[in-house]
Structures are given as C-alpha cells and as structure tokens.
Amino acid sequence: MTSSGTTTGERFPVRVLGGPTAFFEYGGLRFLTDPTFDAPGDYQVPGGSLTKTAPPAGSPADLGPVDVVLLSHDEHPDNLDTAGRALLADVPLTLTTPGGGRRLGGRAKGLADWESVELDRPGGGTVTVTGVPALHGPGSREEVESALGEVVGFVLTGEDLPTVYVSGDNASLDLVKETAARFAPVDTALLFAGAPRFDALFGGACIVLDSARAAEAAQLLGARRVVPLHYDSWAHFTEGRDELVAAFAAAGLTDRLDLGHRG
C-alpha cells in the first residue's frame, strides 16, 4: 500500500521550540507537536522526577493560532506539561492515543493504529492524518505499555502535498518498517531521538531512538529530510546534537539532516 499523498520534495519550514515541541504549516493548517512550554525545573512522575534543563525557545503567544496538536501521549510532563495542557483548550483538535483522547476529553480525539481523520484545508481539499504505531521502549507492546503507557505517531498526507511522518516517542525500528511499508518514501520525518534511558526501566535500554537508530529510521522511510526532536532540554537524554550529526554523517545522510529553525 502506498500513500495517497504526492511526494513533492517541498521543504516547508519547521520551527523547533525545544524538547518534542515543533510548529509547522502544512496544507494551510497550523500544526504543533507535543506542547511543552513550562520553565526549567523538576517535574514529578511515578517513582521519581524528570528535570527540564532549558526554557522553551518560544511561547504559545508567539505562535498565534494552532489548528491541530499532534500529541504522541499525554502521560509524561516532557511531552505535555502544564502550559501545554492549558494551550489545548484553545486548539480546535488534538490528535493523540485512544487512552489520551478519553483522559483529555473535549476536543481531543484518539487514533488507533492506522486510523485516519480527514481535515478540511482552508483553500479546499483535505489533509489526512493517520495514526501509526509507536512503542515507548524495547520489548513487547504489553510490557512497554504497562510501564510507560501507549504512544502514537502520525503520518500526514494530501493531494500535491509532501508526506510527513511524526514518530512520537517511538523506540521500535520494526514499527518504523511497518509505517514505511505503507507510506515510504517520506518527504519530511520528525524523529524523536535523544536516547533517553533510566536504569530502572528495561535494564537501562533506550526508551526512544538513539542517534544511530534515528539515521536507520531515516533510511527505512526513504526520508528526504529529517528534523530531529526531543533530544535536548531534559536531563534524561543521553545523546544530543553532536551525536545526531555524527550518526547521520556516518550513515552518509548529512544532506538529509535538518535541525530546523530554532525559536
């Protein structure tokens, strides 16, 4: 099966705001990923805390209206924080996991694996957003979701629009392969990376892609451009910009790596 979208090679701007948060316009609609706008500090999670180390490179007020939030999951403060939750009240549609849709209520909608919604474009036509599988750690889905909850990724397509993949907090290259089988080649892949690890979880294995596996994901997707997200601003990331640049260089993909417009 192939995407209904046409790969055009168009490189639309992606505004990177820190952590998993990025803003872009696509098909005349304004999209925001995993909104996190709180200040640096410690944020409580079950069994401990996460430490945010840097402020966001912008605020909701800077962005103007947002039409759609693509929320990989709602359960962790490094993907949806207090300011991000407040922003959702002003957004017409938030797409997220089925469980997240139930928890958030209101204008949030959960997408099961391969479930799609069609969004009307301002100038006519539609954008299709498809929920694609993601796994927030190594191992079986049951084991990972029991420990860290469910996660969803997204693919955006539309007539005469580039195909866009947003990975969410995914650690599984097998699931990237499944997505690639349906949608490759991808024009722009927003890949969450950073190699986050916790000694108490999965033996210290990565719970999202590391840099080398992000480069491998880019190859699997046939991605013409990769904008990495979620590799900075939090203490639990073990790899950052330098490791990403080195990994893409080692894979011969330097020309595909785009660090986005910061701020």
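The values are calculated or read from the model by the stated rules, or taken from the named source; none is laboratory data. For clarity, every value in this text was computed on a predicted model and none was experimentally measured. Ideal geometry is used to build each Cβ from the backbone, glycine not excepted, and the neighbour counts take in all protein chains shown.
Has region 115-130 got any residue that is among the charged types (D, E, K, R), at pLDDT below 95 and either assigned to a strand (DSSP E or B) or more than 21 Å from Leu191 (Cα to Cα) (or both)? Full working, then the answer.
Restricting attention to region 115-130, the residues satisfying the condition of being among the charged types (D, E, K, R) are 115, 118, 120-121.
If we keep only those that are at pLDDT below 95 too, we end up with none.
No, that holds for no residue.
Looking only at region 52-69, count every residue that is touching a residue at least 12 places away in the same chain (Cβ under 8 Å) and either among the β-branched types (Val, Ile, Thr) or closer than 16 Å to Glu25 by Cα (or both) and tell me the total. Working first, answer last.
Quick first cut of region 52-69, residues touching a residue at least 12 places away in the same chain (Cβ under 8 Å) only: 52-60, 63-69.
Retained after the next criterion (residues that are either among the β-branched types (Val, Ile, Thr) or closer than 16 Å to Glu25 by Cα (or both)): 53, 60, 63-69.
Looking only at that region, the number is 9.
How many residues does region 148-172 hold that are in contact with a helix residue (DSSP H, G or I) (Cβ under 8 Å, 6 or more places away or on another chain), among the small types (Gly, Ala, Ser) and closer than 23 Å to Phe12 by Cα?
Residues that pass the stated criteria total 2.
Looking at region 220-246 only, could you name the residues that are outside any loop (DSSP other than H, G, I, E, B) and over 22 Å from Ser72 (Cβ atoms)?
Applying the first criterion (outside any loop (DSSP other than H, G, I, E, B)) to region 220-246 yields 220-221, 225-229, 234, 241-246.
Correct list: Asp242, Val245, Ala246.
Determine whether region 41-58 contains at least one residue that is among the charged types (D, E, K, R) and modelled with pLDDT under 95.
Applying the first criterion (among the charged types (D, E, K, R)) to region 41-58 yields 42, 52.
Within this subset, residues satisfying the condition of being modelled with pLDDT under 95 are 42, 52.
Yes, some residue in region 41-58 is among the charged types (D, E, K, R) and modelled with pLDDT under 95.
From Asp74, Asp38, grab the single residue that is assigned to a loop (DSSP other than H, G, I, E, B) and under 14 Å from the mean Cα position of the chain (by Cα). First the steps, then the outcome.
Values: Asp38 fails: under 14 Å from the mean Cα position of the chain (by Cα).
Every option except Asp74 fails the conditions.
Checking Glu150 against (1) closer than 27 Å to Val245 by Cα; (2) touching a residue at least 60 places away in the same chain (Cβ under 8 Å), which single condition isn't satisfied?
(1)
Can you tell me which residue in region 72-104 is nearest to Val117 (Cα to Cα), limited to those that are in contact (Cβ under 8 Å) with a residue 40 or more places away in the chain and of a type in the set (A, V, I, L, M)?
Leu95
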